[in-house]
Amino acid sequence: MGDTSHRLMLQRKIFCSRMRLTILWLPLSLLLAGSASAQLDTLPKSIANSNAMVALGSFGAAGQGADDTAVFQAAFNGAAAKGQTLSVPAGLYNIRPLYFPANSSVVFSAGVIVQALPGIGQYEHLLNIEDVQNVSLTGTPGQTVFRMNKAEYTSGEYRHCLAIQGATNVTVSGIQCNNSGGDGLHISGSVQPYSSAVKILNSGFDNNRRQGMSLISGKDILVSDCTFTNSNGTLPSDGIDIEPNGVTDVLQNIDIESSSVTGNDGDGLAMSIVQMNATSAPISIKVANLQSARNKKSGFFAQDGQEGRYPAVAGTILISNSSSTLDGTYGAVASFWDSNGASLTFQNLTVTNANSSRSTIDNAAIAVKRGGGAIHPMGNVHFLGTSITDTASYLDVYFTVYDWSKIGISQLQLMNFGALSGARAATGLFNGSPAPSVNIN
């Protein structure tokens, strides 16, 4: 090799070496100068889209007592556009309704309190995840709080704290949503007729005006390790209310597990499926290890079939290894449940001191019942392995089955009971007559 060729090769090596040094040095210099947003704007696109953390303060001053809505919205939009996770530090923030764009990832530190400003409209929601995909909100359980001004909301029922509508792939973890004028958590459809792939984890919903949670239309929904407490203000005031609005709503692959419903003015868990019918997509709901306590109405309430006027929706509902303690009316009740619709099964339910109001039919702990006017047989309800304890003299009988419509009963089981103690009569009632169990095909 000649000297000229050798020198050219050596120059190329030096040039490449310098380029490598420049590439390594450039991001460090950017991180040491200017604002976080300016830094990210000048980074190579491949780095800017690497889901790096960006602070709320990069988008403006917040948490100083003023209206922080514009800063938060700019931060949500800016971070999502660059594929970044937004970090919100501890502080008290004042906001009006906020909207999460697609591909949002937000981490709220312990000590974050987000307070609704006065004047939220009766159809506005504080936090909105609507017709978007890929949203993740992460807080610290019990220490990341969103709260509204419930005392201000003397009418209406739609000022929800967190509304997920027509959204896909949403995960919410470790937050509190309290004091709303509607639901603490609302899941429904929008342009897309249902929300899908939604996970609500390790979160709490307290003192909301209508419900702790309303589930209207959803597919692949998981609620785990959550609390729904002290709903009060307007009907139905349930801890959790699963209540579709129409025949095109969807309730498929719904899982509620290891959660609690406590101290609500309505039922602990209500499943009112009356607006669906046989033309609706079949439903599938699983509830496991749900603890209901001290609700003014029943621990578990279920109704389908529009009181027998139309064939009920098909599918399955399974409630397993759950409990009702000191609920005001029934531990669990199926009311106007049509045998031609979805199967409703309570497996290994534990009921303690139900009927504290002394107002259930026959002063029973659990019931399958309906009034007049039905046109289809009642049934497809199964209580298997139920244990009932009364230490407060609330019960006359353990269960009652009553069909005032007198149309007929099929696929009904109240059998294989666990421990039974405390009722005045050591049995249940079937249409007014003593019965130790019921098993009708």
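Every number here is computed from the coordinates shown, using simple stated rules; none is lab data. This is a predicted model, so every value here is computed, not measured. For neighbour counting, all protein chains shown are included, and Cβ atoms are generated from backbone atoms with ideal geometry for every residue, glycine included.
One table, with the values for the structure above:
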item	result
Whether region 75-135 is rounded, prolate or oblate, judged on the alpha carbon gyration tensor where a/c under 1.5 counts as rounded	oblate
Charge-dipole axis of the chain as Lys and Arg at +1 and Asp and Glu at -1 on Cβ define it, positive-most pick from ILE361, SER280, VAL223	VAL223
Fraction of beta bridges assigned by DSSP in region 52-440 that are antiparallel (%, nearest 5)	5
On Cα atoms only, tilt of 3-31 relative to the major axis of the chain in degrees	50
Degrees, to the nearest 10: 69-81 long Cα axis against longest axis of the chain	70
Which of SER214, SER320 has the fewest Cβ neighbours within 10 Å, and the rest in rising order	SER320, SER214
Dipole-positive endmost among ASN245, ASN128, SER339 within the chain (Cβ charges, Cα centre)	ASN128
Cα gyration tensor, region 126-197 - rounded (a/c under 1.5), prolate or oblate	oblate
Cα-based shape type of region 52-440, given that a ≥ b ≥ c are square roots of the gyration tensor eigenvalues and the cut on a/c is 1.5	prolate
Loop-located chymotrypsin sites (Phe, Trp or Tyr not before Pro) in region 86-141 whose Cβ has at most 11 other Cβ within 10 Å (DSSP)	TYR123
Computed lengthening from GLN122 to SER433, 0.36 nm per intervening residue step minus Cα-Cα distance	106.9 nm
Per-pair calculated FRET efficiency, R0 = 25 Å: SER284 and THR248 via Cβ, rounded to 0.05	0.90
Order of THR386, THR350 under a 10 Å beta carbon neighbour criterion, fewest first	THR350, THR386
Residue order, fewest to most surrounding Cβ atoms within 10 angstrom, among PHE399, PHE146, PHE72	PHE72, PHE146, PHE399
Distance between modelled label sites at THR69 and ASP255, nm, 7 Å Cα→Cβ extension	3.8
Computed helical MRE - 222 nm, the chain, DSSP H runs ≥ 4 contributing -39500 (n - 2.57), nearest 500	-4000 deg cm²/dmol
Positive-end residue, region 65-208 charge dipole about Cα centroid, Cβ charges, pick of GLY156, PRO118, ALA90	ALA90
Hydrodynamic radius of region 290-391 per Kirkwood, over alpha carbon pairs, in Å	13.7
